[in-house]
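A short worksheet on the structure shown next.
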Amino acid sequence: MHVPIIPRDRAFKKRLREELMKDNPYAAHWVDAVIRTAYSIMESWRKRYLRGRARKVKPRIRRRFARCKITLMKIDYQARTIRITLKQGEYLTISWRSTWFEHRVRDWIVGEVIIKDDRIVIPFKSSEEIYVRRVIGWDSNELSLDGYEPSIGFIHVDLKPLQSIKIVYERKKAIAQRKGRRELYEKYVRRERNREKDFINKLSAGLRMLFQNTIHVFEDLDKEDLVSRKRAKNRRKRNARTPWKRIHKRMSEVALTAYVDPSNTSRECPRCGYVVETQEGQIFECPRCGLKMGRHKVASINIRRRYLEEKRRKKRRARMRGSPTAMNQRSL
Ligand SMILES: [Zn+2]
């Protein structure tokens, strides 16, 4: 495999900028924003390519967008407006006054605005201090979300309602497709999406409310393909109907989350550390110490412990370096 090299020298960047400036009707800052975005797209493609996750083709964006640099925006928090400079003397003004979210973002700070063809995305940021009192390890399964935290015990979240949404719409979509009714088919696709989204939002909001001051630890599903192929197949089966990535993403938006390496989480004995070879059935049985426990429970314990161990390791490493980050991490 060849390692793609992305040119970063000053001369190249200068030439690139000059080239793009030739037919740029907008303010020069926009060109810099475009270059920055292009670099970040190339960089993430490069990383994915090196990990075998992206093909050897130039990355393309499906829908165009523009990231608005802070220097191109003027924000009036009193009037709740953002003025974006398109070119000298020409502006685009957006307001979030009287929007449905106005009260929710009071005293928050506006981040980098993204302009799309049909809409504008305004990220709002706020900072609050959260005292972490609990760490819950969550095992993401096809029909359930299974958690563990010592002061609570085991937590079981039933995901069958989400499955039934999927099954109902799979049938409806199949019928529409068989009859060749494209519009109806697309209507079902949209409805399914909406119902799924609604379920995920309610699930995340519920978990956030029930478990406050908590770090929710999940398996890092991006690392999943790296484990053996047979197990990857099992995982795929698990993820076929349950939109785990969307659930994890939503959880990150509403609560504190962390992700750990998913390998062996349901094959390692939480009592003695022995790793069993095969994983068949719902019950975990340790040949060394004799522990017998539900597989999802085993996984949730391991996921939680893995996070805590990683955190301890990082702290130790930072302390050994004696760097100022050590201080920061200790205070965290
Ligand atoms: Zn054991």
- Yes/no for ARG51 being charged (D, E, K, R) and touching a Pro at 6+ places or on another chain (Cβ under 8 Å): no
- Residue count for the range 246-278, restricted to those that are within 14 Å of the ligand (Cβ to nearest atom) and either within 21 Å of GLU142 (Cβ to Cβ) or not small (Gly, Ala, Ser) (or both): 12
- Query: SER300 versus (1) more than 13 Å from the ligand (Cβ to nearest atom); (2) under 30 Å from ARG133 (Cβ atoms); (3) of a type outside the set (A, V, I, L, M); (4) surrounded by fewer than 17 Cβ atoms within 10 Å (Cβ to Cβ): which is the lone unmet condition?
  - Reply: (4)
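All of the numbers you see were taken from the coordinates with simple rules; none came from a lab. Since we're looking at a predicted model, the values are computed, not measured. Ideal geometry is used to build each Cβ from the backbone, glycine not excepted, and the neighbour counts take in all protein chains shown.
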